[in-house]
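A short worksheet on the structure shown next.
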4 protein chains.
Amino acid sequence: MKAKQPKKIDKKIFIGVIGAGTCSKKIYDTAQEVGKFIAGAGAVLVCGGLGGVMEGAAKGVRENGGVTIGIIPGESREEANPYIDFPIVTGFGEGRNLVVIRSSDVIIALPGKYGTLSELSFCMKLGKPVVSLGSWDISDKIVKAKDPKNAIKLALEMVK
Amino acid sequence: MKAKQPKKIDKKIFIGVIGAGTCSKKIYDTAQEVGKFIAGAGAVLVCGGLGGVMEGAAKGVRENGGVTIGIIPGESREEANPYIDFPIVTGFGEGRNLVVIRSSDVIIALPGKYGTLSELSFCMKLGKPVVSLGSWDISDKIVKAKDPKNAIKLALEMVK
Amino acid sequence: MKAKQPKKIDKKIFIGVIGAGTCSKKIYDTAQEVGKFIAGAGAVLVCGGLGGVMEGAAKGVRENGGVTIGIIPGESREEANPYIDFPIVTGFGEGRNLVVIRSSDVIIALPGKYGTLSELSFCMKLGKPVVSLGSWDISDKIVKAKDPKNAIKLALEMVK
Amino acid sequence: MKAKQPKKIDKKIFIGVIGAGTCSKKIYDTAQEVGKFIAGAGAVLVCGGLGGVMEGAAKGVRENGGVTIGIIPGESREEANPYIDFPIVTGFGEGRNLVVIRSSDVIIALPGKYGTLSELSFCMKLGKPVVSLGSWDISDKIVKAKDPKNAIKLALEMVK
């Protein structure tokens, strides 16, 4: 009888969401909907922990019972948006972008600027699968989704 | 009406546990007991995610219903011990020691070698409170505990 | 009388050269010519220290009496190409790309893949001036040069 | 005929000097004398690039015709002391301590506080040889020198 067998960690799926730190209401809402589906799939959100797309996604996950991890660039947890369950305080500045990518099984990319582009570059460099919802188009390997629901569906397929 | 108000993140306490990556059964058991009390206090464990003290603490937390974060030095989640809920994959080698310290409110230090000493040094450098259970004695600011139960009690007092 | 007054560091110009770690003979030769002009301008080369464009540029600098710095991703100096005077051993993997950019006054970008794209993204994110010799076109702020000689001329103008 | 054979990089010795960022005149002078002998030996100085021991050592090297590298924690070269030839701008905060250690063949440790202790810890963890001039005593593997001249002599012996 194994009463206290830990859950296998390889059964959890970590989905990274990347995108602009400040964004329009429309993109924020899209991120929030992505978050809702991440929670619905029982996956864990990994993001950069700040505002804009990162906050929208975390809000969507948290309001639907999911779990959120925010990989913070600075030296204080106070930087994290209020929907982050587990803020990881790196102090490595933009270097934390790599940690977001490495800690995720698959990435869903929303519109963003050059921070987002650096993250997409690292995905391609490290061979991490990416689903795009209107983000930078830098490779044929990036799968395009038509909406948040489709994005999650594609993301889950890519890591199974 | 705000039905889905997120829990305030500042109510959660993150306790870092540091110590040797390979250790005796006795120290492993002590780490596990520390973990048990961390779970009992409703706090979150932050550790380096590997073996020895890190594994003992994570096992103690997980077997008592708590949550564990492992900040991994290498580039693969596979490095994490089986009791880590949320492996953070930094790829920064020993640089991840800083992330363990920065992400914790308070540190409980068990016996360890030079990796542990580097972490204690960073605690002192960054002003992070530390409770020691037989670890390196490098400052009067490090509070000595007599056993795991006492260590948690002291740790919680230091962050209130 | 101050016979040994140190040279002012702000008089030196640090030029970063980025591009593919493996490349064609033609691109290698272009990088080498860029290096020749960097040495001729009395500037210091900063690069990622490995092969391809990084090696070509370093060779061009060294063979013309200049100085080369290589910011290495791994944990051993042995990774550096033989034309690097000062290998900086980071152990931060791709995180070292940020150090290349931050340590340079201006960047000359040759063709490259996603590592190069991550570096260009960081240039834009951090406001670092860039001259492109056939590299990724991700912003109007990137100045296009027609040949190595022109690239150095433009780069020097951007930091004066 | 190979007229332009590059100097072999493995012939250069990189000596790291670590110690307090603010220190007494006496320790500053000792650091400066260490620097003088580093220059005299034709070795390259690697240090953290800031004040105190780092500045004293760099001043001693520069005033005696040697070369100095400063691995800066912040995001601006302006942090470097005026005797640094090659400032490396990491943006990794205290994480740069690891880069100082990894980029050195051997370390000479002067008195310092917890930053210095973290560096000594990494030396022991990574197996890097250390000569101490009154610094932390954390291992029998650290060789004690009686004065700056003796420190260089011992350091050079350890890397031959």
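Cβ-Cβ contacts under 9 Å between residues 6 or more apart (or on different chains), taken from a first residue in the range D:117-129 that is part of a loop (DSSP other than H, G, I, E, B) to a second residue that is of a type in the set (Ser, Thr, Tyr), are listed as D:Lys128/D:Ser104. Just to verify a result, which residue in the range D:92-116, among those that are assigned to a helix (DSSP H, G or I) and among the basic types (Lys, Arg), is nearest to D:Lys12 (Cα to Cα)? Selected residue: D:Arg102. How many residues are touching a helix residue (DSSP H, G or I) at 6+ places or on another chain (Cβ under 6 Å), open to solvent by less than 10 Å² (accessible area, probe 1.4 Å) and either in contact (Cβ under 8 Å) with a residue 40 or more places away in the chain or within 11 Å of chain A (Cβ to nearest Cβ) (or both) when one looks only at the range C:90-108? The total comes to 8.
Condition check ((1) facing chain A (nearest Cβ under 10 Å); (2) open to solvent by 10 Å² or more (accessible area, probe 1.4 Å); (3) of a type in the set (Gly, Ala, Ser); (4) in contact with a Leu (Cβ under 8 Å, 6 or more places away or on another chain)) across all residues:
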{"position": "C:Glu119", "(1), (2), (3), (4)": "yes, yes, no, no"}
{"position": "C:Val130", "(1), (2), (3), (4)": "no, no, no, yes"}
{"position": "C:Leu133", "(1), (2), (3), (4)": "no, yes, no, yes"}
{"position": "C:Ile138", "(1), (2), (3), (4)": "yes, yes, no, yes"}
{"position": "C:Lys141", "(1), (2), (3), (4)": "no, yes, no, no"}
{"position": "C:Ala151", "(1), (2), (3), (4)": "no, no, yes, yes"}
{"position": "C:Leu156", "(1), (2), (3), (4)": "no, yes, no, no"}
{"position": "C:Val159", "(1), (2), (3), (4)": "no, yes, no, no"}
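Per the listing A:Ile84, A:Ile15, A:Ile69, the residue uniquely within 14 Å of chain B (Cβ to nearest Cβ), without any contact (Cβ under 8 Å) to a residue 60 or more places away in the chain, buried (at least 19 other Cβ atoms within 10 Å of the Cβ) and part of a strand (DSSP E or B) is A:Ile69. Within the range A:136-152, the set of residues being in contact with a helix residue (DSSP H, G or I) (Cβ under 7 Å, 6 or more places away or on another chain), in contact (Cβ under 8 Å) with a residue 24 or more places away in the chain and part of a loop (DSSP other than H, G, I, E, B) comprises A:Trp136, A:Ala145.
For residues in the range C:40-66 being farther than 18 Å from C:Thr116 by Cα, surrounded by fewer than 21 Cβ atoms within 10 Å (Cβ to Cβ) and free of Cβ contacts under 8 Å to residues at least 40 places away in the same chain, which is nearest to the other protein chains (Cβ to nearest Cβ)? That would be C:Glu63.
The values are calculated or read from the model by the stated rules, or taken from the named source; none is laboratory data. Because the structure is predicted, anything quoted here is derived from the model rather than measured. Because the Cβ atoms are built from the backbone with ideal geometry, glycine has one as well, and the counts that use them run over all protein chains shown. SASA here: full protein model, heavy atoms, side chains in, ligands and nucleic acids out. Shrake-Rupley method; radii C 1.70, N 1.55, O 1.52, S 1.80 Å.
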